[in-house]
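Here is the structure we will look at, set down as structure tokens.
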């Protein structure tokens with residue numbers, strides 16, 4: 001992993017892209033003659049995602065094309081795990097034998113789980129959700145299942161809209177967290193569930209034995225109990241529930257590819273609305289909120305307050321086992337890396353901080369104006385490979401559209417982006 005100024009990175013990337021494009025074009029005849037799945041695997045592993053259009057253009061995909069497109073679809077609908085790869089890598093490097101084995105297990109489970117997401121949200125399904133009328137009286141459809149500490153999904157149904165409350169704390173937290181997230185999107189943005197069409201929100205608790213993660217797999221939420229040392233139960237944190245369900249919002253509306261800057265935007269959107277879920281639940285104004293993602297899930301052995309901080313990226317934790325929070329708050333600190341799908345959990349800190357600054361400028365409840373601008377942008381971005389600059393442009397456009405040309409919302413949106421090194 002290394003750092004360099006983003007403008008230099010972009011220039012070098014364009015040069016490399018042009019060179020690789022010319023190389024592909026010159027070899028297109030050879031690839032067509034040897035049109036095997038191994039060839040496509042080579043292309044997928046070595047060719048930049050943006051070059052898929054070139055591969056399609058020169059006719060390299062034929063009978064094996066479906067395999068490649070399935071791989072390409074993995075960029076759109078991956079499993080979204082709350083624990084980022086850099087923490088898992090740190091545990092593998094610094095942990096004891098048991099912890100290292102646990103981290104390796106997390107990696108293997110991540111690979112296995114990706115199989116479930118391919119049919120969850122085809123790329124062509126991305127579209128803005130219908131706006132529910134103010135007079136509509138809708139209720140969420142929520143179910144909570146218990147995996148019984150086994151690796152099974154969804155498990156045994158323990159709570160839905162008809163079954164009453166349970167003594168199980170994780171079941172209560174998963175159920176109430178789903179309702180809280182639904183209420184934010186429904187009552188504020190007039191969206192009926194994750195797909196905008198009233199989709200049932202399903203959660204599974206007690207997944208695996210001391211499982212150290214939580215994720216949205218394209219179909220449902222899954223929560224581990226944690227090992228009690230590094231992590232506590234993942235239903236402890238409402239921001240995590242709001243975060244993961246917000247990945248489903250992106251899945252059905254924004255369609256942001258999960259790599260590089262579009263992937264970081266995907267992560268940031270989930271962080272923003274994870275925080276807003278907490279603030280809406282607690283009726284907090286912007287300056288009262290802690291702006292933390294994953295607060296309450298670290299075990300007593302870990303020195304840190306959360307997984308990420310939107311208020312101060314890079315300060316959420318600093319621990320001998322899991323390392324130091326690597327998030328930058330400005331484009332000068334943009335991290336260029338091949339891991340974590342191009343640093344999606346790292347560089348999202350820049351966009352997170354822009355939203356935090358905007359919310360502070362506007363004051364009041366962050367979900368009312370700043371959140372509305374961000375939600376509108378996701379509804380209309382229509383660009384799966386959006387860059388930070390393109391997203392920033394869209395937020396300014398949405399601020400202008402909703403609040404008017406020359407409004408303080410437009411002025412402050414521009415200013416927030418400028419303060420993190422993005423000019424719009």
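The table below lists the values:
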{"quantity": "Subset tally (residues that are in a loop (DSSP other than H, G, I, E, B) and modelled with pLDDT of 95 or more) for the range 300-318", "calculated": "12"}
{"quantity": "Unique match (being more than 19 Å from residue 234 (Cα to Cα) and at pLDDT 95 or above) among 163, 137, 141", "calculated": "141"}
{"quantity": "Flag if residue 321 is within 15 Å of residue 84 (Cβ to Cβ), outside any helix (DSSP H, G or I) and assigned by TED's automatic domain parsing to the domain that holds residue 225", "calculated": "yes"}
{"quantity": "Output for the range 91-103, where each listed residue is surrounded by 14 or more Cβ atoms within 10 Å (Cβ to Cβ) and free of Cβ contacts under 8 Å to residues at least 24 places away in the same chain", "calculated": "92, 100, 103"}
{"quantity": "Those residues of the range 160-189 which are in a loop (DSSP other than H, G, I, E, B), touching a residue at least 12 places away in the same chain (Cβ under 8 Å) and out of contact with any helix residue (DSSP H, G or I) (no Cβ under 7 Å at 6 or more places or on another chain), in sequence order", "calculated": "160, 161, 168"}
{"quantity": "Test: residue in the range 200-209 that is surrounded by fewer than 16 Cβ atoms within 10 Å (Cβ to Cβ) and more than 21 Å from the chain's Cα centre (by Cα)", "calculated": "yes"}
{"quantity": "Output for the range 84-128, where each listed residue is at pLDDT 90 or above, under 26 Å from residue 268 (Cα atoms) and outside any helix (DSSP H, G or I)", "calculated": "84"}
{"quantity": "Total residues in the range 369-424, condition within 23 Å of residue 192 (Cα to Cα), at pLDDT 95 or above and in a loop (DSSP other than H, G, I, E, B)", "calculated": "1"}
{"quantity": "From 253, 257, residue being assigned to a loop (DSSP other than H, G, I, E, B), assigned by TED's automatic domain parsing to the domain that holds residue 295 and under 26 Å from residue 390 (Cα atoms)", "calculated": "257"}
{"quantity": "Members of the range 358-368 that are under 16 Å from residue 186 (Cα atoms) and more than 20 Å from the chain's Cα centre (by Cα)", "calculated": "368"}
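The values are calculated or read from the model by the stated rules, or taken from the named source; none is laboratory data. Keep in mind it's a predicted model, so treat the numbers as computed, not measured. Backbone-built Cβ (ideal geometry, glycine too); neighbour counts: all protein chains shown.
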